[in-house]
1. Restricting to Cα pairs below 8 Å that are 6+ residues apart, what does the relative contact order work out to for the range A:265-328? Please round to a whole percent.
2. Filter the cross-link list A:LYS213/A:LYS543; A:LYS415/A:LYS599; A:LYS276/A:LYS339; A:LYS82/A:LYS383; A:LYS40/A:LYS625; A:LYS461/A:LYS599 down to pairs whose alpha-carbon distance in this structure exceeds 22 Å.
3. What is the spin-label model distance, in nm, from A:LYS415 to A:THR576 if the labels are put 7 Å beyond Cα along the C-beta direction?
4. Between B:GLU74 and A:ARG29, how high is the FRET efficiency from 1/(1 + (r/R0)^6) when r is the Cβ-Cβ distance and R₀ = 60 Å? Nearest 0.05.
5. Once label points are set 7 Å from the Cα along Cα→Cβ at both A:ILE496 and A:ASP204, what is their separation, rounded to one decimal in nm?
6. Could you check what % of the DSSP bridge pairs in the range A:119-246 are antiparallel, to the nearest 5?
7. From the square roots a ≥ b ≥ c of the eigenvalues of the alpha-carbon gyration tensor of the range A:171-243, which class results: rounded (a/c under 1.5), prolate (a/b over b/c), or oblate?
8. Pop the C-beta distance of A:ASP607 and A:GLU629 into the FRET formula with R0 = 22 Å and round what comes out to the nearest 0.05.
Amino acid sequence: MYGYAGRIVKIDLSRNEVKSYDLPLEWCRSYIGGLGFNTKILWDQLPPNIDPLSPENIVVFSPGAFVGTSIPTASRCEASAKSPITGRFGTSNSGLFWGFMLKASGIDILIISGKAEKLSYISIINGEVNIRSAEHLKGFDCWSTADSLRRDYGDVEVASIGPAGENMVRYASIENNYYDAWGRCGLGAVLGSKNVKAIAVVGDKPISIANVKEYEEACSEAYSRITSYPLFNLWRTYGTLVASDAYSSQGILPAKNFQYGTIDGWERCLRENLHKYKKKGISCISCPIACAHWVEVPEGRYKGLKLKDLEVTWVLEFGAKLGLTDFDKIMKCTEVASKLGLDCCSSASVIAWAFECFERGILSMDDTGGLRLEWGDEEAVLKLLEDIAYRRGIGNILAEGVKRASQIVGRGSEKYAFHIKGLEIPFRDPRGRWGVWCFGYLTNIRGGDHLRVRAPVELFKLPQPKDEYWLEACGVRREVIDQLDMIEEFKSRAFINDGEYINIPVMTVWSENLISIYNSVGICIRPPVLGTIGPTIISKLYKATTGINISPEEVMEVADRIISMQKEMNIAMGETRDEYRYPDRFYDEALPDGPNKGKKLDREVIDRMVSEYFKLRGWDPETGKPGEEKLKELKIEPSKFYAHVRI
Amino acid sequence: MVRNILFSEEKCSGCCTCMLTCSFTYHKVFSLNMSRVRISRDERNGGFKAFFTSECTRCGICVKSCFFNALKIEEV
């Protein structure tokens, strides 16, 4: 096979057994790779009503179809399982070199089922898979685990869990070496429940491609498109930190658990300060952007601290959300959370909830074991991160995630728990800047999250019209829209009034589909890619790489297929229409400060938009169920667990 | 005249595109192990080093492929 390794490996930990299968050729066309393969595996093999932390859960890792080649940004590997935080289809994506090495080990899909008798790690060395004792790694943080396995095996890539995963914190991450992670959805807890401490992988099997000339042409086109993106140099210089300035100027920071949209001292966290910390840019394999920063603290209490950080999610989550306004303190939080193996958004959100509860007298020092919880106190944050990872004191409640923690504490604390479908929501306040990004928090298959629904055009240049929910001010020049690699029929519906506005439900469907394809071919969602790479170029790259001819329309149909399968699985796992709503504060309390002061959301209008979104997807407008007809139309094979024809 | 390839650790982002390009140019496959240029990554400390295998002819394909100008040809 070209592009693919051609092999599925299934590890049954309960039986201490490793089996290998050929990758079915027809899966390539129907599911492409990465997220698509994971969706197919869980559809076929994961019973819906199991406890996510039981041996019945299944974890799947699949690198994207382009991973292993030199296609720009093709480094991404998807990990999926039933999520212990949401109880639904849980999935997460990470770059760097791990997915490349899995493919270079001759594996397209790695399935882990059952539970090992003792703490174990999985070694995959040049394609040879072994389950080995990890008793000597028990209690190790993620960095020490990677260090130890690298001492034993040389330059292996290490996916590991820290104390948080071992203790099954519901939002524990799987760390990817030191500074990257499969962060969201608590997949680290799932590995912990299976007694899997780490997966160390290195391989040297060459990846062949189908057509050298076509590949070189398509790859060169992709590279030119990405590097010609108007803001490419800005992204190379500042990475995601470009958003810090935009959020600050719009007053849509998640300040103090979304109580405010601005925060005093934020000027210290704007991008102009990055140069004081940044030493160089760091890339994942095959990436021309290098959005990640190698940073060092030059002075003060944390002087000498160095790591890959100041990615905007950490800055806004551990910064504005918790009242911290200094890069060095945020970096310290990143270091500790990464070592412990905790998801950034979920851990910052649950701590922010605890801080607000403390501020309002719902939690007292009796509850916190004598710890005073005050905004901006990084020592309290660091203490809580440790307590969460080791499930000590109040940390044992916080380890359950904000939805469950607020239900345990009660006393009105549910009102301050910011999650959608059980997943803690990220850092943009939807009241101040409504659009595809925030509507996506609702529609996202994995719950309150921003990484699966992002429009290929994201600019804040024009103000959002007041009380307008269906349309988003676009702010992008007409010629940029004309050049977008988008199916024309979609483009004509997504852009309104000669590109002045975006139709939010239509663009939400397009964006979800596009990102699902990115996560299946294994490319990155950074805007220089998102704004330039669409189904036409993906179709060319796919044909050149694999030799399989698939049209741009068929590429997008794959997305439709896998999202409908995920939705059907979520419904079987208990998802209801009622869960498509924001936390009450966004509807009931107007944004109190900043340039968008006074704005709040309208329940009724947004609910109608959800129905419209379901309708656009061809799902039942009330329940959101894809249903028999839609599944048949998408040629989805029924499975033992999820099917239009129940078996 | 001797042709050298100089490496700037400061500019290198560790993307290893040079290695992928080298193996593809000479072997028509992607393989980090078949590349004549090698980037070793000290990820924990953000450091990278480059070296060249004995098969390397200093053809410069890695230099052309580098997105970050971290490799440079020097004629001495």
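We did not get these values from a lab; they are worked out from the coordinates using the rules stated. Computed from a predicted model, the values in this text were never measured in an experiment. No Cβ is skipped: glycine too gets one built from the backbone with ideal geometry, and neighbour counts run over all protein chains shown.
1. That works out to 30 percent.
2. A:LYS276/A:LYS339; A:LYS82/A:LYS383
3. With each label placed 7 Å out from Cα toward Cβ, I get 2.3 nm.
4. On the way: r = 48 Å, r/R0 = 0.80.
It comes to 0.80.
5. Going by the 7 Å Cα→Cβ label model, 5.9 nm.
6. Numbers: 15 of 21 bridges.
Antiparallel: roughly 70 percent of the beta bridges in the range A:119-246.
7. Values: a/c = 3.41, a/b = 1.42, b/c = 2.40.
Here the range A:171-243 falls in the oblate category.
8. On the way: r = 24 Å, r/R0 = 1.10.
E(calc), rounded to 0.05, equals 0.35.
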